[in-house]
Structure formats: structure tokens, C-alpha cells
Amino acid sequence: MSDIWWSLPLTMVVFFAARKLGTVVKTPLLNPLLVSMVVIIPFLLLTGIKYQHYFQGSKMLNDWLQPAVVALAFPLYEQLHQIRARWKSIISICFIGSMVAMITGTSIALLMGATPQIAASILPKSVTTPIAMAVGGSIGGLPAISAVCVIYVGILGAVFGHTLLNAMHITTKASRGLSMGTASHALGTARCAELDFQEGAFSSLALVICGIITSLVAPFLFPVILAVLR
């Protein structure tokens, strides 16, 4: 059981089946990641297979994650001329978005009675998982909870983000991409890249900038929030 060879094929079959179904039934709820979780997690619970064993069998997918994230730099390079022309606006938008994401999540958690440790874990929820885990741990949070929050926020953004943007009549590709990358990091960026090349480029840019801003600001911002709300 230490090497479940079929976990990789199972993961890929479920993912691509969900993606194919999503092209037929047009609903954001059929996000491939969300469907994969809904199928595979109950399957592991029902069969009694430990997650560690399942993960070892499909570890190759995790190893491909880093080069996949790096590949997001290509659409970014393709839109470099637009980025140079708008860099002040882009940095301002990402800074404001990062601050709102950190302050609101942490403040709501504390006002609802969360401990400082839980609030610190929630603070970096809108950046990609490796950065969130490092930031959460550095300010006294639990990296595992930070990772769960990142996945939850990312799925919400990927599933409902474009629906919300359409309802607000936001059609500019740069605005849509920056919004998705700022709010829902890599999962939102992947969704943008599926729908539009330029959206994916701006979303990947926001993903990088917001990760840097959160890493630099979080250690100073969290004590201020605690001092104000406790």
C-alpha cells in the first residue's frame, strides 16, 4: 500500500473527465479541481486508503507544479509592452488588493473570536500556497491552515470570480486578470489562462506582485491589526 501506482492515473482521469464535462455543461461549479476533490476525497475515506500513500503514488503531479507555475511567465513576457506602459497602476492595484485581502480576512477572524494563531494563518490566504505557508508560519500561524485557506479561496475565485466580474460589467482584460490574480492566486490565474491569453498574463503578474507585497508587509501589518482589535 505504500506505493499506490493507480493514484496518478485516477487523478488524471477524474481531472480530465471533469474538464470535459465542464465544456459540455456550462457551469462554474464544474471546476476540475473542485470536482476532483469531491470525487477523490470521499473515495479515500470509503476505501480507508491513507492520504500519504495516495500522495506517494501521484507525487509526479506535485513535482510538475513548480515548472507549471514558472510557465506562467511566458504570457507575462508576451504582454510586457502593456505592463511597462501601466506599471504604476498595476503596482497600485496589487498593493491595495493585497492590503484589503490581508486586513479583511484577519479582522473578521479576530472579531468572530479566532485566536491570534488562527488569524495569522488566515492572513496570507490570497497568495499562492508556498508563500502563504511561509508567511503564516513566520507570523505565528499554522502553515497547514494557511494552505487550506489558500485552496478554499482559490477554488471560490476560480468558480465564481468571472461570474462576479460579468455581473459587475467589468470587461477590460487587464482589470479582470489583475482582479483574479490578486484575489485567487494560482487557481484564478489558471482559470484566466483557460479563457483568455491576456487575462492570464495580467493575472500571473498580479500573482507574483501580490506574493512579494504580502511577504514584505505581513510581519508588520499583523501586529498592528492585533493591537487595534484585541
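Every number here is computed from the coordinates shown, using simple stated rules; none is lab data. This one's a predicted model, so the numbers in the text were calculated from it and none came from an experiment. Every residue, glycine among them, receives a Cβ derived from its backbone with ideal geometry; neighbour counts consider all protein chains shown.
Read phi for every residue in the stretch 160-166 and hand back ³J(HN,Hα) as whole Hz from Karplus 6.51 cos²θ - 1.76 cosθ + 1.60, θ = phi - 60°, with x for Gly and Pro.
10, x, 5, 4, 5, 4, 5
What is the sum of charges around Gly97, taking Lys and Arg as +1, Asp and Glu as -1, for the other residues whose C-beta is under 14 Å from the C-beta of Gly97?
+2
When Cα extents along the principal axes in Å is calculated directly from the model, which label among (i) 56, 47, 43; (ii) 49, 39, 37; (iii) 49, 43, 31 fits?
Given (i) 56, 47, 43; (ii) 49, 39, 37; (iii) 49, 43, 31, the calculated one carries the label (iii).
Computed FRET efficiency, Cβ-Cβ of Ala85 and Phe197, R0 22 Å: what is it to the nearest 0.05?
Efficiency for this residue pair is about 0.80.
Can you tell me what the convex hull of the Cα atoms of the stretch 7-65 projects to on average, as an area in nm²?
Here the figure is 4.2 nm², rounded to one decimal.
Find how much the distance from Phe16 to Ile170 grows on full extension, using 0.36 nm per residue of separation minus their present alpha carbon separation; answer in nm with one decimal.
52.5 nm
Cα-based count: Lys pairs in the chain below 29 Å, eight or more positions apart or different chains?
Count of close lysine pairs: 11.
Evaluate 2.2 N^0.38 Å with N set to the residue count of the stretch 72-164, then give the Cα radius of gyration divided by it.
Cα Rg divided by the expected 2.2 N^0.38 Å: 1.24.
Where does the stretch 127-230 land on Rg/Rh, using Cα atoms and the Kirkwood Rh?
Dividing the radius of gyration by the Kirkwood radius yields 1.03.
In which sequence would Glu199, Glu78 go, from the one with the fewest C-beta neighbours within 10 Å to the one with the most?
The most exposed by this proxy come first: Glu78, Glu199.
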